[in-house]
Every structure is written in structure tokens, then in C-alpha cells.
Amino acid sequence: MKIYHIGIDHGDEIKTPITACIGYFDGLHLGHQKLVECVVETAKNTNTEPSLITFEPDPWKVIKHMEHIPHITPMKKRMQIGESLGIKNWIILDFTKSMANLSVEGFHQEVLGKLNLHTLVCGYDFHYAGMGKGNVDTLKSQREFEVKVVEEVDSEHQKISSTRIEKLLEDGRMEKAAAIMGRAYEIEGHVKEGNHIGRTVGFPTANLLMDDHYITPKQGVYVGEVLCKGIWYPAIMNVGHNPSFNYQKDTSMEAHLLDFQDDIYGEAVVFRFLSFLREECRFPGKDAFMEQLKKDEQTARTYFQKRKEGSACV
Ligand SMILES: Cc1cc2nc3c(=O)[nH]c(=O)nc-3n(C[C@H](O)[C@H](O)[C@H](O)COP(=O)(O)O)c2cc1C
Ligand SMILES: Nc1ncnc2c1ncn2[C@@H]1O[C@H](COP(=O)(O)OP(=O)(O)OP(=O)(O)O)[C@@H](O)[C@H]1O
């Protein structure tokens, strides 16, 4: 996949005509995937290159001066998913105040006009240009390129959106989030040193140092999987502050990998959150904590057994 950076007064040249969808695409969920499908099909029929146009930094950073905005999928991950869906050109618009304030005509000329667009694919509610004045109608009124509009993709009579998925993750509803994203929620990072308390109670844990700013799932304990050195291991994971005997001011994420003994400090890992098990609680001592973790482990084993058998999960 080729990556292009284009701004108002600079940018790579796109030599071959493209069919592209446009948006931020956090999560690249089933709604977004419908746009990508339309791009791939249209590109095939028009002999153009299937492309995706997005923005960096996150427009909220520029418009609302927000720092460290958490996302469902960082740009790198979005690119990998986009490529797997058939996108050949990933076009990053360098989003600045000037770009944010362009008039509709200005956005057509200064931005879209530079992209060698044959067809632009957008969702029914796409907005652009200063004050969000540009929409599907203003796009259709120009004559430089074709426009295709994708109708609302919903689930349970509600639009599938990045905002909805964020809320589901923050409520611990991982199965529902996965159903409308098209994949389970994952966070990438590296294993950092913890306080080595876990191993003293028979539950060594891999403490996650996130590689990026991700949406923090609801605090509590989860059944999940951890990717390490190319293998997915079943795991039980905790998101919280470890109030019992190892209090952490910032939210910590750690995983106990089942049937796994290796030292993995410093390793690149992916935490995959499958199902919320219970709230994080304060235990009176290590024995009570151990008892609960044994139960969590058993619940997780049952979950994976049922999954293997193809029956409903916990
Ligand atoms: C599956 C799992 C569940 C956990 N549940 C709790 C909990 O309910 N309450 C709590 O205070 N800490 C909980 N923890 C965090 C432990 O307190 C923490 O793993 C322990 O202090 C070891 O930390 P260390 O790896 O930094 O040494 C849990 C950890 C795991 C892996
Ligand atoms: N459920 C959906 N059905 C059809 N089009 C969608 C859907 N969700 C997003 N789109 C379209 O995908 C493009 C990218 O959308 P955007 O990145 O704003 O995602 P979003 O999920 O709507 O995000 P947010 O929740 O932040 O509004 C836009 O053209 C938008 O109209």
C-alpha cells in the first residue's frame, strides 16, 4: 500500500486516478467497511485505484485543542485493516487550522481537487469544510468527480459509529463492540516491569505499556487473549488500579496468560478483550485474591472450552 501526505500548500502527487472514501475511520467498523467495499468495487469497474482519504492529526486536536486523544484503532492499525480490505493508496490530509476553516469551494479546490479523484465515496452524514457546511449535496453539486453515497449501516436500529463503539468499550460490552466492529477490541504495547507481586501468589502478570493512546475499556476483569511472539494465548486480564495491595494511580492493564511460564519483559504484545467477567474489588489479603483468581481462571477455561465447541460463550 502506498502512503501519501497532502496539505493545502504541499503534498505528494497522485498520478493514477483514484476511487476513494473519506473520513477519520476510527475503528474501521462495519459502517466504514461498507464504504471500503463500495470503493473496491467501484475502483474495479472504473479501472481506478482503490484509496482511502483520512486526516492527521485527529481534527479534534486542531479544532478543540485536545491533546493525547484516545482512539479505538491508531492510524497504523487502521492502515493494516484498510490494506487487508483491498485499499491500495492511504491518503493522509495534513489537517491544520487553515484546512479546517476552508469554505466548501476552497475544500474542493485546495484539497479534493489535488487528489486525482475519479469517484468519491462517503457516508450519508459526511460533513466537511469550515463549520461543517459541506455535505453530500454540496459534493454532488460539483462536476470534477463522481460521488457515491452509502446509506446508514445500523445494528438494532441504531447507527454503527465510532462514538457508539467507544461507549460500548467503556461499558465493558466487548461482545457487542466486536459484533459491530467486525473484530474484537485489541490494544498493542510492550510488557513493562510490574512489582513482581503477582508471581508470589501464583499468578504472574504481564503489565502493558500501551504503544499509543487507546480507549480504556471499563475497569474490571476480562477473559481475553494475548499475542506474544506470534502465538495467541488465552488469558485473564485486569484493567484498574489494583486497590488490594499494589495501588496504581494511573489505570493499569495486566494479563495472566494461562499455562504460560516464560519471562516476556520488553516483548511486543497485543491484548485482545473478549468478555467482561467482574468488577475489580478490594481483597482483605492475598489468600482471598488467590481464591478469586482461581475462579476467574476457571471461568476463562470454560469460556474457551465453549468457544472451541462452538457453543455460546459465558
Ligand atoms: C485477572 C486479574 C484480576 C485481578 N483482579 C484484581 C482485583 O479484583 N483487585 C485488585 O486489587 N487487583 C486485581 N488484580 C491486580 C493485582 O493486584 C496485581 O496483578 C498484583 O498486584 C500484581 O501486580 P504486579 O504484576 O505489578 O506485581 C488482578 C490482576 C489480574 C491479572
Ligand atoms: N454506520 C454508517 N453507515 C454509513 N456510513 C457511515 C457509517 N459510519 C460512518 N459512515 C461514514 O464513514 C465516513 C467516516 O465516518 P467517521 O469517521 O465520521 O465515522 P463515524 O463512525 O460516523 O464517527 P463518529 O462516531 O465519530 O461520528 C463518513 O463518510 C461517514 O458518513
Spot the failing condition for LYS77; the list is (1) surrounded by 14 or more Cβ atoms within 10 Å (Cβ to Cβ); (2) within 16 Å of the chain's Cα centre (by Cα); (3) farther than 17 Å from TYR4 by Cα; (4) of a type outside the set (Gly, Ala, Ser), and only one is missed. (3)
Before we move on, is GLU105 open to solvent by 40 Å² or more (accessible area, probe 1.4 Å), in a loop (DSSP other than H, G, I, E, B) and on the phi < 0 side of the Ramachandran plot? no
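Suppose the filter is modelled with pLDDT of 95 or more, open to solvent by 70 Å² or more (accessible area, probe 1.4 Å) and either more than 19 Å from the chain's Cα centre (by Cα) or within 16 Å of ligand 2 (Cβ to nearest atom) (or both); does GLN158 pass it? Show your work before the answer.
Working: modelled with pLDDT of 95 or more: yes; open to solvent by 70 Å² or more (accessible area, probe 1.4 Å): yes; either more than 19 Å from the chain's Cα centre (by Cα) or within 16 Å of ligand 2 (Cβ to nearest atom) (or both): yes.
Yes, satisfied.
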Matching residues in region 252-275 (within 12 Å of ligand 1 (Cβ to nearest atom), at pLDDT 95 or above and not in a strand (DSSP E or B)) number 1
Quick one: VAL62 ticks every box in (1) in a helix (DSSP H, G or I); (2) loosely packed, with under 15 Cβ neighbours inside 10 Å; (3) in contact with a helix residue (DSSP H, G or I) (Cβ under 7 Å, 6 or more places away or on another chain) except a single one, so which number is it? (2)
Cβ pairs under 6 Å, 6+ apart, first in region 16-37 and part of a loop (DSSP other than H, G, I, E, B), second near ligand 2 (Cβ under 7 Å from one of its atoms) and β-branched (Val, Ile, Thr): HIS29/ILE160
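Could you tell me whether any residue of region 123-140 is open to solvent by 90 Å² or more (accessible area, probe 1.4 Å), outside any strand (DSSP E or B), in contact (Cβ under 8 Å) with a residue 24 or more places away in the chain and within 15 Å of ligand 2 (Cβ to nearest atom)?
no
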Considering only region 183-199, state which residues are assigned to a loop (DSSP other than H, G, I, E, B) and either away from ligand 2 (no atom under 16 Å from the Cβ) or buried (at least 16 other Cβ atoms within 10 Å of the Cβ) (or both). ALA184, GLU193, GLY194, ASN195, HIS196, ILE197
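The values are calculated or read from the model by the stated rules, or taken from the named source; none is laboratory data. Computed from a prediction, not measured in an experiment: that's the story for all the values here. Ideal geometry is used to build each Cβ from the backbone, glycine not excepted, and the neighbour counts take in all protein chains shown. Quick note on the areas: whole protein, heavy atoms, side chains included, nothing else; ligands and nucleic acids left out. Shrake-Rupley method; radii C 1.70, N 1.55, O 1.52, S 1.80 Å.
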